[in-house]
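Taking it in order: structure first as structure tokens, then the write-up.
The values are calculated or read from the model by the stated rules, or taken from the named source; none is laboratory data. For clarity, every value in this text was computed on a predicted model and none was experimentally measured. So basically every Cβ, Gly included, is an ideal-geometry build from the backbone, and we count neighbours across all protein chains shown. Quick note on the areas: whole protein, heavy atoms, side chains included, nothing else; ligands and nucleic acids left out. Shrake-Rupley method; radii C 1.70, N 1.55, O 1.52, S 1.80 Å.
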Amino acid sequence: MVSVDGIAVEFSGHTLFKDVSFVINENDKIALMGKNGAGKSTMMKIIADVQKATRGKISKSEHTKIGYLPQHLLTEDDCTVAEEASKAYKEYFTLKKQLDDLNEQMMTRTDYESDEYMKLIEQSSDIGERFYNLEEVNHEAEVEKALKGLGFKQEDMNRPTSEFSGGWRMRIELVKILLQKPDLILLDEPTNHIDIESVLWLEDFLVNKAKAVMVISHDRAFIDNITNRTIEVTMGRIYDYKASYSHYLELREERRETQLKAFKEQKKFIAEQERFVERFKGTFSKTNQVSSVEKMLEKLEIVEIDEVDSASLRLRFPPAPRSGDYPVMVEDLTKKYDDHTVFHQASMTIERGEKIAFVGRNGEGKSTMIKAIMKEIEVEGKCQIGHNIEIGYFAQNQASLLDPKLSVFETVDEVAKGEIRSQIKHLLGGFMFSGEDIDKKVSVLSGGEKTRLAMVKLLLEPHNLLILDEPTNHLDLRSKDVLKDALLAFDGTLILVSHDRDFLKGIAEKVFEFKDKKVREHFETIDAFLERNKAESMRDMNL
């Protein structure tokens, strides 16, 4: 269906990858994996034809349609949500208008024998064939169904897109791609801006309704549930596994063990040959043998061991100062914005040491409740913080609170205390800051880099109540594992808002569900909660 033939990307004397070839077949569901900077997004852009390779080519049939969702979009805001999503059917509406115009001309003209009239008939026949070959669908219903699946409400359909954040506009673009039913869907970090229920809807769509899919994602559960093939980009080349992500991890470890064994054997062989050369160099009777061995060593292709980011980084939060028995007490809390009620008479009590998750669709009040706890907004009802509480707060806009004049290293050094100060570079490396990165000023960092730096800073300060609002959006799998291990070992109280099921798994012991202006308490893990609610959620989203 799509053939990648010998592509290479080179810039400034650096080769990102070379001689990469593979074929994407119908119904392939591919996870494109590799370390940050390995070239995954670049390869996806080349397949999408938004970037050119230095060498090689991408081949596809004339009628193969590719849909591409990049990490970052530049969108125009000149219509409503439903109108923007309906642009997915641009070909249908364009052909329909052309056909209607031609039919109108043929009905009003009387020069039936003229060449011009015959041309109108030919055009009408050609366009009509293309039009009637398109799948007949209820366009309005399909648009509404897809938008609701990705979290939009009925009242959102006629709102201007300009009223929505970048994350929500990203969802509209995703809806347009899905509705076009392309032969190949390319998705670069599609789950960063959607909630758990929307991720479930997207998973179901990609597994059961999409054709071929290639996805880059740091959401382990998402890629494991949708993929049947894994392509790893590493050290300028690829490895192609006909396996899901979890199985790929096992196969990759086996591959690396084989490489390591071959590397050690080759190293031993080279040492033996070098000892031979050293021993008999200058010995007349061995001259030809020594020369032959030297030439062989020069031509020997050295076994390479693939990069695996296996640096062990075990980080613990500083011991939590002892707090009162009930760090958070909420009673009959109501929050309204004009005529819109976010939640009504919500109550919750969080005990010392509990690790809880706030779940629910975007816009149901999770972040609003956190802002109420943090005293950032006015609310009706009672919201009380317990005795001796030291709050560590990670907001979605946490990056904007960093001092832009400090360097990355200075930002962390400012809060590091005790033994951890000797491990600052190691810690920063665990969150993808290495080499010259640690000397960069905060002011020049990207949004994702600032988010990661804010998380490192939080990890070093003593707190007994952590409130984390979507902390994993810009973290890779290794950074998420570092944070998860630290949270599991944290001996204080934790409130966590996250759409990342794999991250929540094992951490959240209790769930507060935000839905229909109410907050419900569930004494169960996130896995048990999602399993129990899955069928109902799928019905709600019209699947």
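What pairs in K18/K425; K153/K209; K148/K515 have C-alpha atoms more than 25 Å from each other?
Listed pairs above 25 Å: K18/K425.
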Item checked: Estimated dipole of segment 220-263 in Debye, rounded to 20 [Cβ of Lys and Arg +1, of Asp and Glu -1, Cα centre] -> 120 debye
Item checked: Two-site label geometry, D5 and L488: point separation in nm, points 7 Å out along Cα→Cβ -> 4.8 nm
Item checked: Within-9-Å neighbourhood charge of V233 [Cβ basis; K, R +1; D, E -1] -> +2
Notebook entry, point to check: Relative contact order, percent, of the chain when contacts are C-alpha pairs under 8 Å separated by at least 6 residues?
Noted result: 15 percent
Notebook entry, point to check: Hey, got the dipole for the chain? About the Cα centre, +1 on K and R Cβ, -1 on D and E Cβ, debye to the nearest 20?
Noted result: 2220 debye
Checklist line | Carbon/sulfur fraction of accessible area - the chain, other protein chains in place, 1.4 Å, % | finding: 47 percent
Checklist line | In segment 1-99, GluC sites (Glu not before Pro) in a DSSP loop with at most 13 other beta-carbon atoms within 10 Å | finding: E26, E62, E76
Check: Where in segment 509-530 does the label zone of S347 land, with the point 7 angstrom along Cα→C-beta and an amide N cut-off under 17 Å?
Finding: 512-513, 518-523
Checklist line | Whole-number accessible area per residue in Å² for the chain, which is evaluated in the context of all protein chains at 1.4 Å | finding: 52 Å²
Notebook entry, point to check: So what's the gap between the Cα centers of segment 352-367 and segment 101-158, to the nearest angstrom?
Noted result: 46 Å
Next item on the list: Subtract the Cα-Cα distance of K52 and N208 from 0.36 nm times their separation in residues, and report this length gain in nm to one decimal.
Entry: 53.0 nm
Margin query: Give the residue list of trypsin sites (Lys or Arg not before Pro) in segment 81-168 that are DSSP loop and have at most 14 other beta-carbon atoms within 10 angstrom.
Written below: R109, K153
Notebook entry, point to check: Any idea what log10 I(q)/I(0) is at q = 0.14, 0.21, 0.22 Å⁻¹ for segment 250-367, Debye with uniform C-alpha scatterers and no solvent?
Noted result: -0.86, -1.18, -1.22
Check: Roughly how many nanometres apart are two label points built 7 Å out from the Cα toward the Cβ at M106 and L260?
Finding: 7.2 nm
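Kirkwood hydrodynamic radius (Cα pairs, Å) of the chain?
27.2 Å
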Item checked: Sites I270 and R237 - FRET efficiency at Förster radius 35 Å, r taken between beta-carbons, to 0.05 -> 0.90
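For the ranges 471-480, 232-241, 52-61, what's the packing order if you count other beta-carbon atoms within 10 Å of each residue, average per peptide, and put the highest first?
Ranked by mean Cβ neighbours within 10 Å, highest first: 471-480, 232-241, 52-61.
Over 32 Å between Cα atoms, which of K45/K90; K417/K440; K261/K281; K35/K295; K52/K268; K40/K264 qualify?
Result: K35/K295; K52/K268 exceed 32 Å.
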Item checked: Efficiency of FRET between E253 and S422 - r from beta-carbon atoms, R0 41 angstrom, step 0.05 -> 0.85
Note to self: Multiplying the sequence separation of E461 and D78 by 0.36 nm and subtracting their Cα-Cα distance, what value in nm do you get?
What the structure shows: 133.4 nm
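Kindly work out what percent of the DSSP beta bridges joining two residues of the chain are antiparallel, to the nearest 5.
Counting only bridges with both partners in the chain, antiparallel ones make up about 50 percent.
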Note to self: Counting other C-beta atoms within 10 Å, and keeping those with at most 16, which DSSP coil GluC sites (Glu not before Pro) do you find in segment 126-187?
What the structure shows: E135, E136
Item checked: Spatially proximal aspartates and glutamates relative to K87 (Cα-Cα < 14 Å; intrachain offsets below 8 disregarded) -> E76, D77, D78, E140, E142, E144, E173
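For the chain, what is the calculated [θ] at 222 nm in deg cm²/dmol (nearest 500), taking -39500 (n - 2.57) for each run of four or more DSSP H residues and dividing by its residue count?
-12000 deg cm²/dmol
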